[in-house]
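Notes follow the structure.
The values are calculated or read from the model by the stated rules, or taken from the named source; none is laboratory data. The shown structure was predicted, so the numbers you read here are calculated from the model rather than taken from an experiment. A quick note on method: Cβ atoms are made from the backbone with ideal geometry, for glycine too, and the neighbour counts reach across all protein chains shown. Areas reflect the complete protein model, heavy atoms only, side chains present, ligands, DNA and RNA absent. Shrake-Rupley method; radii C 1.70, N 1.55, O 1.52, S 1.80 Å.
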Amino acid sequence: MPPAAATPAVPDARPSPPSPVTIRRPVAAKPCVSATRKLEREQSSLETAEADVARYHKLQQSCRSKLTCARYAAALKWLDNRVDRHQRRIERFATSRRDACKDI
């Protein structure tokens with residue numbers, strides 16, 4: 001039996017996979033992309049907060065105990081502040097996005 005080192009190496013018959021192509025964006029596009037992502041995340045958060053407000057309004061309408069109704073009222077007050085905060089941030093992020101993307 002011949003040793004394993006004595007057998008000749010057979011070249012691989014399969015073609016090598018193509019090298020990955022990297023797409024490079026211009027440097028000016030990076031702040032625009034970043035600002036767009038921030039704005040999209042904030043809009044998603046606003047949608048979630050608005051859905052929570054609708055849910056708590058529905059729960060408050062069907063509450064039966066005084067303590068539960070008070071908890072829902074407190075949660076709604078907090079959620080209303082959260083919605084307002086998200087709306088202000090969206091306005092700010094939209095402005096920064098316009099400024100970052102105007103050159104593109």
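In table form, for the structure just shown:
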{"item": "Span from the segment 28-55 Cα centroid across to the segment 71-104 one, whole angstrom", "result": "8"}
{"item": "For SER62, solvent-accessible area (1.4 Å; no DNA, RNA or ligand), Å²", "result": "70"}
{"item": "Straight-distance crosslink candidates among lysines, where the alpha carbon sits under 28 Å from LYS30 and sequence neighbours closer than 8 are dropped", "result": "LYS38, LYS102"}
{"item": "Segment 39-87: trypsin sites (Lys or Arg not before Pro) in DSSP loop, at most 10 other beta carbons within 10 Å", "result": "ARG64"}
{"item": "Radius of gyration and Dmax over the Cα atoms of segment 36-104, both given in Å", "result": "16.3, 58"}
